[in-house]
Amino acid sequence: MIGGPEIPEKLLTDIRGALEGMDAPFLKHIEKELELVWLQEEDSRLGMTRFECNHNEIYRRKRLSLPPGKITIGINPKLKNDEAMLLHTLAHEILHAVGLLDHGGSHSEIVSSVAPAPKLNESPVLRSMREEVLSSLPERQWICGNCGHSWERRRVTRPVRCPKCARPFSRSGK
């Protein structure tokens, strides 16, 4: 793919601001060590962060405040036409690159504040991923065991109630 993805300056500025006063050991090295590349479009991941050394060495470099070495962030080209999801994925991967390796806690709070995930109806990528999951599931429709009403499956999760009789959903009629 010609030309790699680029980090918007505002995103990097927002991330730097959100990380102020926090332990982000590789932040000062990010401009020199980071390379952005496109993943293969068939890749199931939306993004990934790869350090040149193994995880033991990364934790050693964090502890000793050493440079991380080369860091590669790969972004799936599917995100080219979904700006909100691209920014969300970039923010997530940049936080890994600056040394916030674990998910949850401050990692997810920062991503949500600087580049919130788009809603399902606002993201073509999320909608296509949902359609892939739905098409791979065995049930294409639900049938209420109480009243016999059937409806097309539109969600990944099992329904709680029948939309017609409003009784708790049961397949067996019990």
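The values are calculated or read from the model by the stated rules, or taken from the named source; none is laboratory data. Please read these numbers as outputs of a predicted model, since none were measured by experiment. Cβ sites come from the backbone with ideal geometry, for glycine too, and all protein chains shown count toward neighbours.
Overview of values
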| read-out | value |
| --- | --- |
| Residue, surrounded by the fewest Cβ atoms within 10 Å (Cβ to Cβ), within segment 16-55, restricted to residues that are aliphatic (A, V, I, L, M) and over 20 Å from Gly4 (Cβ atoms) | Met22 |
| Pairs with Cβ under 7 Å, 6+ apart, first in segment 1-25 and touching a residue at least 12 places away in the same chain (Cβ under 8 Å), second surrounded by fewer than 11 Cβ atoms within 10 Å (Cβ to Cβ) | Pro25/Ser65 |
| Subset of segment 26-60 (residues that are free of Cβ contacts under 8 Å to residues at least 40 places away in the same chain and among the small types (Gly, Ala, Ser)) | Ser44 |
| Segment 18-37: number of residues that are over 19 Å from Pro8 (Cα atoms) and of a type in the set (Lys, Arg) | 0 |
| Contacts under 9 angstrom Cβ, first residue in segment 150-163 being closer than 11 Å to Leu134 by Cβ, partner aliphatic (A, V, I, L, M) and outside any strand (DSSP E or B), 6 or more apart | Arg153/Leu134; Arg153/Leu137; Arg154/Leu134; Arg155/Leu134; Val156/Val133; Val156/Leu134; Val156/Leu137 |
| Strands (runs of 3 or more DSSP E) fully within segment 6-83 counting 3 or more residues that are acidic (Asp, Glu) and either at pLDDT 90 or above or over 19 Å from Ile110 (Cα atoms) (or both) | none |
| Residue list for segment 120-148, restricted to those being of a type outside the set (Ser, Thr, Tyr) and in contact (Cβ under 8 Å) with a residue 24 or more places away in the chain | Glu122, Pro124, Val125, Leu126, Arg130, Trp142, Ile143, Cys144, Gly145, Asn146 |
| Qualifying residue in segment 114-132 (condition: under 30 Å from Leu64 (Cβ atoms) and not in a loop (DSSP other than H, G, I, E, B)) | yes |
| Selected residue (criterion: nearest to Glu6 (Cα to Cα)) from residues of segment 95-113 that are out of contact with any strand residue (DSSP E or B) (no Cβ under 7 Å at 6 or more places or on another chain), outside any loop (DSSP other than H, G, I, E, B) and of a type in the set (A, V, I, L, M) | Leu95 |
| Selection status of Lys78, among the basic types (Lys, Arg), within 21 Å of Ala18 (Cα to Cα) and touching a residue at least 24 places away in the same chain (Cβ under 8 Å) | no |
